[in-house]
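Q: The structure under discussion is supplied below as structure tokens; questions concerning it will follow.
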Amino acid sequence: MPMIAAVVLSAGESSRMGWPKALLPIDGQTFIERIVAALKQGGLERIVVVLGFNTEEMRRQIEQLPVEIVVNPDYKQGQLSSLQTAIRYLESDTNCDGMLVHLVDHPYIDPQQVGVMVRQFSESKKLIVVPRHQGKRGHPVIFARALFAELLNAPMDQGAKAVVNAHRSETLEIDTEDVGITLDIDTPELYRRHVKGE
């Protein structure tokens, strides 16, 4: 099996939420704890968490988790800058065949889905693997190492989408019944609706 590192992007200010999304409670855990547990259960040994805003406090809150923490000093430039921070960190590891990228505001991540994606990445030899629910793409997304350089040079205003769009024929979409892949919980209203069940 290829060695895939998981990358969890958690550098933003959570300004719309008003509270660090990584630390929001869900089913007796925090978002980040739940995500890390699912990634581990899905078979990923190496998990890198990218922090940015309020780094020291965030580090204190998650340092007990089985993760490697990297800091993006340019987090205000957006998500792509955090992804690039993770790539630069992983690039020196020649055993790393790719990365599975997940966002901290998508807490409903299914370990089985993760396992399926990694297996399909290995078998299909595609450069990108992405889950799809009712025609809509979601997260996590796997990028092969062959795309690292391209992601490092992607335009900031377009982000990783520019790279994904450039490799449509080398992308494997996996259809799933799991609506969690598209549930982006980044406002108090969405948190109340999906997590609190109001």
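Values quoted throughout were computed directly from the atomic coordinates according to the rules given, and no laboratory measurement underlies them. Keep in mind it's a predicted model, so treat the numbers as computed, not measured. Counting neighbours? That spans all protein chains shown, and the Cβs are built from the backbone with ideal geometry, glycine included.
Q: How high is the relative contact order of the chain, in percent, counting Cα pairs under 8 Å that sit 6 or more residues apart?
A: Contact order relative to length: 25 percent.
Q: Further, regarding this structure: Report for the chain the percent antiparallel among DSSP-assigned beta bridges with both residues inside it, nearest 5.
A: Counting only bridges with both partners in the chain, antiparallel ones make up about 30 percent.
Q: Okay, next question. Which label belongs to the value computed from this structure, given these candidates for Cα extents along the principal axes in Å: [x] 41, 37, 31; [y] 49, 44, 28; [z] 66, 47, 28?
A: [x]
Q: Do you know the relative contact order of the range 1-45, to the nearest whole percent, from alpha carbon pairs under 8 angstrom that are 6+ apart?
A: 34 percent.
Q: Determine the dipole magnitude for the range 4-194: charges of +1 sit on the beta-carbon of Lys and Arg, -1 on that of Asp and Glu, nothing else is charged, the reference point is the Cα centre, and the result goes in debye to the nearest 20.
A: It comes to approximately 220 debye.
Q: Relative contact order of the range 39-84, please, whole-number percent, based on alpha carbon pairs below 8 angstrom and at least 6 residues apart.
A: Averaging sequence separation for qualifying contacts and normalising by length gives 39 percent for the range 39-84.
Q: Full extension from Glu91 to Gln120: what is 0.36 nm times the residue separation minus their Cα-Cα distance, to one decimal in nm?
A: Length gained between Glu91 and Gln120: 8.2 nm.
Q: A further question follows. Sort Ser15, Ser10 so the one with the fewest other Cβ atoms within 10 Å of its own Cβ comes first.
A: Ser15, Ser10
Q: My understanding is that a pair violates if its Cα-Cα distance is over 29 Å; which of Lys76/Lys161; Lys76/Lys125; Lys21/Lys125 do that in this structure?
A: Going by Cα-Cα distance, Lys76/Lys125; Lys21/Lys125 fall outside the 29 Å limit.
Q: What distance in nm separates the simple spin-label points at Glu68 and Ala166, each placed 7 Å from Cα in the Cβ direction?
A: 2.5 nm
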